[in-house]
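Values in this text are rule-based calculations from the coordinates and carry no lab data. No experiment lies behind these values; they were computed from the predicted model shown. All Cβ positions, even for glycine, are placed from backbone atoms using ideal geometry, and neighbour counts span all protein chains on display.
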Amino acid sequence: MKKEELKKWREATEKEIEEKINELKAQLFNLRHQLRLGQLKNYSQLREIRKDIARLNTILREKQLQKERENGGK
């Protein structure tokens, strides 16, 4: 994920981020299946998708904490 793409996700809604995480998890599942069958050629995809999921989870958690701070301060 490039910096520009991360900026886009920081501006996205929580629902959009969750949908993207689910999409990446499905991709990861398919890649793991290909790995078991011996069909996977680019092993680095597994690592990149795992990292992208972690990045999006971090952004999602930041949004949740920010929302809690805003609601707690009122």
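The set of residues in the stretch 38-74 that are touching a helix residue (DSSP H, G or I) at 6+ places or on another chain (Cβ under 7 Å) and among the acidic types (Asp, Glu) contains only 52. Do we have any residue at all in the stretch 15-37 that's touching a helix residue (DSSP H, G or I) at 6+ places or on another chain (Cβ under 9 Å), among the polar types (S, T, N, Q) and surrounded by fewer than 14 Cβ atoms within 10 Å (Cβ to Cβ)? No, the stretch 15-37 contains no residue that is touching a helix residue (DSSP H, G or I) at 6+ places or on another chain (Cβ under 9 Å), among the polar types (S, T, N, Q) and surrounded by fewer than 14 Cβ atoms within 10 Å (Cβ to Cβ).
Restricted to helices (runs of 4 or more DSSP H) entirely inside the chain, those with at least 1 residues that are touching a Leu at 6+ places or on another chain (Cβ under 6 Å), touching a residue at least 12 places away in the same chain (Cβ under 8 Å) and not acidic (Asp, Glu) are 14-37, 44-72.
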